[in-house]
Amino acid sequence: MGKIDRLFRKEIEDIPVYIPGKPIEEVERMLGLKHIIKVASNENPLGPSPKAVLAMKKALKGVNRYPDAASWYLKAKLSTTLKTEIERIICGNGSDEIIILTLKAFAGKGDEVIIAKPTFLIYQVAAGIVGADIKFVPLTKDLKYDLKAMKRAITDKTKIIFIANPDNPAGTYVTKRELEEFFDGLPEDIIVYLDEAYYELASDFCSDYPNGLDYLDRPNLIVARSFSKIYGLAGLRVGYGVTSARIVRYLDKYRDPFNVNILAQVAATAALDDKEFVKKTLKTVKEGKQFLYDELGKMGLEYVKTATNFMMIDVKRDSVKVFEKLICKGVIVRDMKAWGYDTFIRVSVGTREENKIFIDTLKKVLSK
């Protein structure tokens, strides 16, 4: 303790630290295990898009150069794919960066940000860093967003409302009807941030799941998506937001130069053409989810039906202890204690082999 303490912002002390899922390499080093499966971070179990890998190999010789600061070719491809104007698109270092840019641009000390509780932790972390006041609105009993309650929570200080659709970690989603009722009569001087990181999965699995891009006539809407999930590019950190051209120009003032690296840009651009990989991923996740539902049902365990590639499971005991026992046997999951669910774990859908290993290992852990 000393004079240096006055340099630190006191409000930062209370901000929770985001703790990611443990990498396979770290578990190998810590526990000396050789055969490990990771079903913790909602990653694509099939690896990256083959077209993305090929594009990166071709681009490797150019990594001595700075990337295109505007991500123009990626935005042009997205513009064609999404059938929207290129001026409406902003690319980020993962879709997480779009969250951070939005808060930097539109919220500050004394402003209010409305967030569900629990939900994706980065909303809370980033809102706390800019000094905004956070209003938490609990999920419903069936772990869904309560959009009516979020709407009632609005005051004249509200600047941003975050909606994760589908939600992480619950895996539940807001229907088209629910979203449209929420938009009806909503003030236009509030940013609505619609996080669709799992869009490709949810739109395939759920007939009443809304496409956020259909509502871009609203001048205050930001729709964000990711290449981390369906395209298997989580390690490259690349995502994008679609909104009004005016908001894009404003967010660009806060965006770091060269925020999306060369390999990420070319990989994401190529991945958008990899229809076969997307189709194979959706089939793998759909079949894997059904296998897990069936096996968990046989075990008498309750779980949350999901619109995504992960699910929450009630193991009916301390989730941290279950997590620790599973990881010691080479199976990495997430315990949900940090989200307030003391008896739940979250597991990602893996390959057929990984799903079977997870179930077999969970049975052994719970039997003891």
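The numbers here are math on the coordinates, done by the rules we state, and not lab data. Worth saying up front: this structure is predicted, and the values here are computed from it rather than measured. Ideal geometry is used to build each Cβ from the backbone, glycine not excepted, and the neighbour counts take in all protein chains shown.
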With the dipole of the range 50-271 defined by +1 on each Lys or Arg Cβ and -1 on each Asp or Glu Cβ, the option from Leu213, Met56, Val192 whose Cα lies farthest towards the positive pole is Met56
GluC sites (Glu not before Pro) lying in DSSP loop within the range 154-253, provided at most 15 other Cβ fall within 10 Å:
Glu188
Between Cys206 and Lys61, what length comes free when the chain is fully extended (0.36 nm per residue of separation minus the Cα-Cα distance, one decimal in nm)?
48.0 nm
Round to the nearest 0.05 the FRET efficiency obtained for Arg249 and Thr175 when R0 = 22 Å and r is the Cβ-Cβ distance.
0.10
With springs only between Cα atoms under 10 Å apart, run a GNM on the chain and tell me which of Asp184, Asp133, Asp208 wobbles the most.
Asp184
In deg cm²/dmol, rounded to 500, what helix-only [θ] at 222 nm does the chain give when every DSSP H run of at least 4 residues adds -39500 (n - 2.57) and the total is split over its residues?
-11500 deg cm²/dmol
Amide H of Lys135 versus every other amide H placed in the peptide plane: which residues, excluding those fewer than 5 positions away on the same chain, fall under 5 Å?
Val113, Ile114, Ile115
Can you run the Rg to Rh ratio on the chain? Use alpha carbon positions and the Kirkwood inverse-distance Rh.
0.96
Charge dipole (debye, nearest 20) of the chain; +1 at Cβ of Lys and Arg, -1 at Cβ of Asp and Glu:
980 debye
Order of Met30, Met312 under a 10 Å beta carbon neighbour criterion, fewest first:
Met30, Met312
Specify which residue in the list Leu103, Thr306, Val331 is farthest towards the positive end of the charge dipole of the chain, using unit charges on the beta carbon of Lys, Arg (+1) and Asp, Glu (-1), about the Cα centre.
Val331
Which lysines does Lys104 reach when only Cα atoms under 19 Å apart count, and residues fewer than 8 places away in its own chain are ignored?
Lys10, Lys135, Lys157, Lys159, Lys253
Percentage relative contact order, the chain, counting C-alpha pairs under 8 Å, at least six apart:
23 percent
Could you check what % of the DSSP bridge pairs in the chain are antiparallel, to the nearest 5?
45 percent
For the range 257-296, place one equal point scatterer on every Cα, skip the solvent, and apply the Debye formula. What is log10 of I(q)/I(0) at q = 0.17, 0.35 Å⁻¹?
-0.62, -1.02
Gain upon complete extension [Ile86, Lys321; 0.36 nm per residue less C-alpha separation]
79.7 nm
I'd like to compare 213-219, 97-103, 341-347: which one has the highest average count of other Cβ atoms within 10 Å, and what's the full order after that?
97-103, 341-347, 213-219
What FRET efficiency would be calculated for the residue pair Lys337, Ile4, taking the C-beta separation as r and a Förster radius of 22 Å, to the nearest 0.05?
0.10
Those lysines that a straight Cα-Cα span of less than 22 Å connects to Lys57, excepting residues fewer than 8 apart in one chain
Lys75, Lys77, Lys229, Lys275
Quick one: among Ala107, Ala153, Ala170, which has the greatest mean-square fluctuation in a GNM of the chain with alpha-carbon springs under 10 angstrom?
Ala153
Specify which residue in the list Ile359, Thr155, Leu121 is farthest towards the positive end of the charge dipole of the chain, using unit charges on the beta carbon of Lys, Arg (+1) and Asp, Glu (-1), about the Cα centre.
Ile359
Rg and Dmax in Å for the range 115-175, alpha carbons only: what are they?
11.3, 32
